[in-house]
Amino acid sequence: MILKFLGTRGYIEEKNKKHKRHSCLLITYRKKKLLIDWGLDWRGRLNSINPDWILITHAHPDHAFGLKEGTPKAVYAASSTYKFLREFALPNLEKIKKNIPFKLGPFKISAYSVIHSIKAPTVGFRITAAGKTLAYNPDLVFIKNRRKIFKDLDLYIGDGSSVSRPMVRRKENKLFGHTSVKTQINWCKKFKIQEAIFTHFGKEAIGMGEKKLEKKLDEFSGGELKVAAAYDGMKKNLC
Ligand SMILES: [Zn+2]
Ligand SMILES: [Zn+2]
């Protein structure tokens, strides 16, 4: 399957050539196209991508508000994201159940809860095609059931909002925000995942520039796994 990181920027003002647009991922396999997320600055551009299906992780503007004008395309979301998206003109909006795998064409998909936002409950997606499995987590503080989610994972795609300093806050005992790239690489090491790619970059990563960022990723991985920083338009063949 071919992955294309259409956008790799988080919900921040800063941008540069490599991280210009909000994070979303296009996965193509056997001529079928699965799109994950469609944030605000992608508005009006959906026809140029022409996906068969759209999955939405959560109802934050940088992940869902590109759908504001509506689309006849099939859009899939879990629980509260589904409820929120009913305000948009989406005649083919489908509700998905968490932790129950389902199929869309050649893709086997499972949505699982991740801790990220109190107001906009968030899921990550585990997707299998062509005998390979990836997990997509553009925004997260934590995944509770990592043993299950990370089992036999070929590629972890994670949240680049913070490189080394986690941006995690607490309200009434609930955590929200973003954990660091460093922490996510440590999860990958713990669960023996061989490859990770980061997207959804924030101020820290965009401020340090690509070279410094790559150096940091190498330092965190310590040679135990392959780690890369995605950029807008980056393609990856996972086979
Ligand atoms: Zn985001
Ligand atoms: Zn978010």
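The values are calculated or read from the model by the stated rules, or taken from the named source; none is laboratory data. None of these values were measured; they are calculated from a predicted model. Heads up, the Cβs are rebuilt from the backbone with ideal geometry, glycines too, and the neighbour counts pull from every protein chain shown.
Tally up the residues in region 13-41 that are in a strand (DSSP E or B) and at pLDDT below 95, please. Outline the logic, then answer.
Initially, region 13-41 is screened for residues in a strand (DSSP E or B), giving 16, 19, 22, 24-29, 32-36.
Filter again for at pLDDT below 95, leaving 16.
Residues in region 13-41 being in a strand (DSSP E or B) and at pLDDT below 95: 1 in total.
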Residue 209 meets each of (1) over 24 Å from residue 133 (Cα atoms); (2) at pLDDT 95 or above; (3) not acidic (Asp, Glu) with one exception, condition (2)
So in region 1-24, with the set limited to residues that are away from ligand 2 (no atom under 15 Å from the Cβ) and aliphatic (A, V, I, L, M), which one is farthest from residue 132 (Cα to Cα)?
6
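Condition test on residue 62, is it surrounded by fewer than 24 Cβ atoms within 10 Å (Cβ to Cβ), within 15 Å of ligand 2 (Cβ to nearest atom) and closer than 13 Å to residue 7 by Cβ?
Numbers: surrounded by fewer than 24 Cβ atoms within 10 Å (Cβ to Cβ): no; within 15 Å of ligand 2 (Cβ to nearest atom): yes; closer than 13 Å to residue 7 by Cβ: yes.
Taking the combined requirement at face value, the residue does not satisfy it.
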For region 166-187, which residues satisfy the criterion of being at pLDDT 95 or above and more than 16 Å from the chain's Cα centre (by Cα)?
182, 183, 186, 187
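Yes/no matrix, rows are residues, columns are (1) on the phi < 0 side of the Ramachandran plot; (2) surrounded by 21 or more Cβ atoms within 10 Å (Cβ to Cβ); (3) more than 16 Å from ligand 1 (Cβ to nearest atom):
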{"site": "133", "(1), (2), (3)": "yes, no, yes"}
{"site": "146", "(1), (2), (3)": "yes, no, yes"}
{"site": "158", "(1), (2), (3)": "yes, yes, no"}
{"site": "166", "(1), (2), (3)": "yes, no, no"}
{"site": "182", "(1), (2), (3)": "yes, no, yes"}
{"site": "186", "(1), (2), (3)": "yes, no, yes"}
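Of all residues in region 113-131, how many are of a type in the set (Val, Ile, Thr), more than 16 Å from ligand 1 (Cβ to nearest atom) and either exposed (fewer than 14 other Cβ atoms within 10 Å of the Cβ) or farther than 22 Å from residue 21 by Cβ (or both)? Steps first, answer last, please.
If we filter region 113-131 for residues that are of a type in the set (Val, Ile, Thr), which is where we start, we get 114-115, 118, 122-123, 127-128.
Then drop every residue that is not more than 16 Å from ligand 1 (Cβ to nearest atom), which leaves 127-128.
Still in the running and either exposed (fewer than 14 other Cβ atoms within 10 Å of the Cβ) or farther than 22 Å from residue 21 by Cβ (or both): 128.
Qualifying residue count, region 113-131: 1.
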Would you be able to tell me the number of residues in region 101-112 that are buried (at least 17 other Cβ atoms within 10 Å of the Cβ) and without any contact (Cβ under 8 Å) to a residue 40 or more places away in the chain?
2
Selection from region 42-62 of residues in contact with a strand residue (DSSP E or B) (Cβ under 7 Å, 6 or more places away or on another chain) and either assigned to a helix (DSSP H, G or I) or of a type in the set (Phe, Trp, Tyr) (or both) yields 42, 49, 53, 62
